[in-house]
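Written below as structure tokens is the structure these notes are about.
The values are calculated or read from the model by the stated rules, or taken from the named source; none is laboratory data. Small disclaimer: the values here were computed from a predicted structure and weren't measured. Here the Cβ positions follow ideal geometry from the backbone for every residue, glycine too, while neighbour counts run over all protein chains shown. Side chains included, ligands, DNA and RNA excluded: accessible areas come from the protein's heavy atoms. Shrake-Rupley method; radii C 1.70, N 1.55, O 1.52, S 1.80 Å.
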Amino acid sequence: MLKSNGRYCDGCGQKLPPGSRLSLQAVSKGEAEALGAVGVENADGTVTIDLCLNCRVQRANRIKHGDA
């Protein structure tokens, strides 16, 4: 999520390092809505949101174990 003083994780709300591209994650519209993330809608119907490394790992584990 972009705010006037920088980018923040759409999962947990922590401030992200300036210029960090690693935080961008394409997720389904439903997942973005569940997080309350606006993001940028892509041509394939996914939404690009900002996630910190911890939230990315948690998301990967949910997907891996079928909890997503």
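List of remarks:
- Residue satisfying all of: in the stretch 53-68; charged (D, E, K, R), open to solvent by 90 Å² or more (accessible area, probe 1.4 Å) and not in a loop (DSSP other than H, G, I, E, B); nearest to Gly19 (Cα to Cα) among these: Arg62
- In the stretch 6-29, the residues that are more than 20 Å from Ala60 (Cβ to Cβ) and open to solvent by 90 Å² or more (accessible area, probe 1.4 Å): Lys15, Pro18
- Within the stretch 30-52, the set of residues being surrounded by 14 or more Cβ atoms within 10 Å (Cβ to Cβ) and assigned to a helix (DSSP H, G or I) comprises Glu31, Ala32, Leu35.
- Contact map, the stretch 32-56: residues that are charged (D, E, K, R) paired with residues that are assigned to a strand (DSSP E or B) and open to solvent by less than 20 Å² (accessible area, probe 1.4 Å), Cβ distance under 9 Å, separation 6+ or inter-chain. Pairs shown: Glu33/Val47; Glu41/Val47.
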